[in-house]
Amino acid sequence: VQLQASGGGLVQAGGSLRLSCAASGSINVMGWYRQAPEKPRELVASITSGGTTNYADSVKGRFTIRRDNAKNTVYLQMNSLKPEDTAVYYCAAGTSLWLVPGLAYWGQGTQVTVSS
């Protein structure tokens, strides 16, 4: 499975961005990790083909993940962005809602920068 991510950019705190990731084929779970400088990679959100979702506590209530199964595409709507959301965001796909890094497919990273 190949993943093609898009979106990201620079936004002021309180603003919004949307990330998209298209998979080359159908796969049960899709989601997003992020990695800030000198921090470990963190699972941000994931969603199954049936619509079950998982969010990191730090983004609950601000980020929404959804997917279009017909297009094999996942979207991450990020609202009320904070400077601490600044990171490289990676699309991932796999068979577990937890998207175990060693067992997942990865897309290229996209930079999200939130200015204060």
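The values are calculated or read from the model by the stated rules, or taken from the named source; none is laboratory data. Predicted model only: the values in this text are computed from it and were never measured. Positions of Cβ are backbone-derived with ideal geometry, glycine not excepted, and every protein chain shown enters the neighbour counts. When the accessible area is computed, the model is the full protein with side chains, heavy atoms only, and any ligands, DNA or RNA have been set aside. Shrake-Rupley method; radii C 1.70, N 1.55, O 1.52, S 1.80 Å.
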Note to self: with every protein chain in place and a 1.4 Å probe, the stretch 12-73 gives an accessible area per residue in Å² of 51
Stretched fully, the stretch from residue 60 through residue 6 gains (0.36 nm per residue minus C-alpha distance, one decimal, in nm) 17.2 nm
For residue 103 and residue 53, extending 7 Å from Cα along the Cα-Cβ vector and measuring point to point gives, in nm, a value of 2.4
Each label sits 7 Å from Cα toward the beta-carbon; between residue 18 and residue 95 the label points are separated, in nm, by 3.3
In whole percent, the fraction of accessible protein surface over the chain that belongs to carbon or sulfur atoms, probe radius 1.4 Å, stands at 49
Scoring the chain by relative contact order with C-alpha pairs under 8 Å, at least six apart, yields a percentage of 37
